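S.K.: Quick one: the structure is below, questions incoming.
Laboratory data are not the source of any read-out in this text; all were calculated from the coordinates shown. This is a predicted model, so every value here is computed, not measured. Cβ coordinates were reconstructed from backbone atoms using ideal geometry, including for glycine residues, and neighbour counts include every protein chain displayed.
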Amino acid sequence: MALLEIKKFGCPVLRQKATLICDITDEVQQLIEDMFATMYAAEGVGLAAQQVGFTERLLVLDVRPRDPLSEPLAFINPEILWTEGECIGEEGCLSLPGIVGDVRRPAQIGVRALDGNGREFEMDLDGIVAKALQHEIDHLNGVLIVEHFNAIKRNLVRGQLRKLQREGKRQALGLTYK
Ligand code: NI
């Protein structure tokens, strides 16, 4: 098990669209394990592969800190099947430390994915887990919460983003420790 470096805003991998996983190899299973460990160490509730420098269509989620009845889940090649309703809630992101803002999303979603063993499953979700999953699927499509912010909010965080961007670029050049 290894803790992976979490990529910050400005690191180009965060803007890449993830590619489908065809084969659930030992490496993929190792990556899932490392992503869970990295997410827990950072006290996050979700993590997408791009955030640790990979471009596989893979994310992990554990919203138990916010919803004790949920369980840790890995989603490989997740697809949103349907959406319904709308809700607005504050979101943050491990790739954008220090920045939180309101994001509007569908309130309920249906999703299909493969689990860590390659078994296909479908789930209907709402509440915090639906919100977190949509946030992570955005990452797989190269989308970050700042794109959901309104113009006023984007202006307010411009300085913070510029700082993070420098950090992300240094990461991409391999000039950071962790
Ligand atoms: Ni995020």
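S.K.: How big is D, in µm² s⁻¹, for the range 12-169 by Stokes-Einstein at 37 °C and 0.692 mPa s if Rh is the Kirkwood radius over C-alpha pairs? Walk me through the numbers on the way to the answer.
M.R.: Working: Rh = 16.0 Å.
In µm²/s, the coefficient rounds to 205.
S.K.: Quick one: go through the range 122-154 and flag any residue whose amide nitrogen is under 12 Å from the point 7 Å out along the Cα-to-Cβ line of R112.
M.R.: 122-123
S.K.: Cα-based count: Lys pairs in the chain below 22 Å, eight or more positions apart or different chains?
M.R.: 17
S.K.: Determine the gain in length on full extension of the stretch T83-E122; use 0.36 nm per residue of separation and subtract their C-alpha separation, reporting nm with one decimal.
M.R.: Length gained between T83 and E122: 12.7 nm.
S.K.: Under 4 °C and 1.567 mPa s, how fast does the range 89-178 diffuse according to Stokes-Einstein, given a Kirkwood radius computed over C-alpha pairs? Answer in µm²/s, whole number. Spell out each step's value before the answer.
M.R.: On the way: Rh = 15.1 Å.
Translational diffusion coefficient: 86 µm²/s.
S.K.: Assuming R0 = 25 Å, can you tell me the calculated FRET efficiency for the pair Q29 and N141, based on Cβ-Cβ distance, to the nearest 0.05? Kindly include the intermediate steps, with their values, before the conclusion.
M.R.: Numbers: r = 24 Å, r/R0 = 0.94.
Result of the calculation: an efficiency of 0.60.
S.K.: Count charges around V146 for me, please; just the other residues with Cβ under 10 Å from its Cβ, Lys/Arg as +1, Asp/Glu as -1. Write down the numbers at each step before the final one.
M.R.: Details: positive: K153, R154, R158; negative: E147.
Value of the local net charge: +2.
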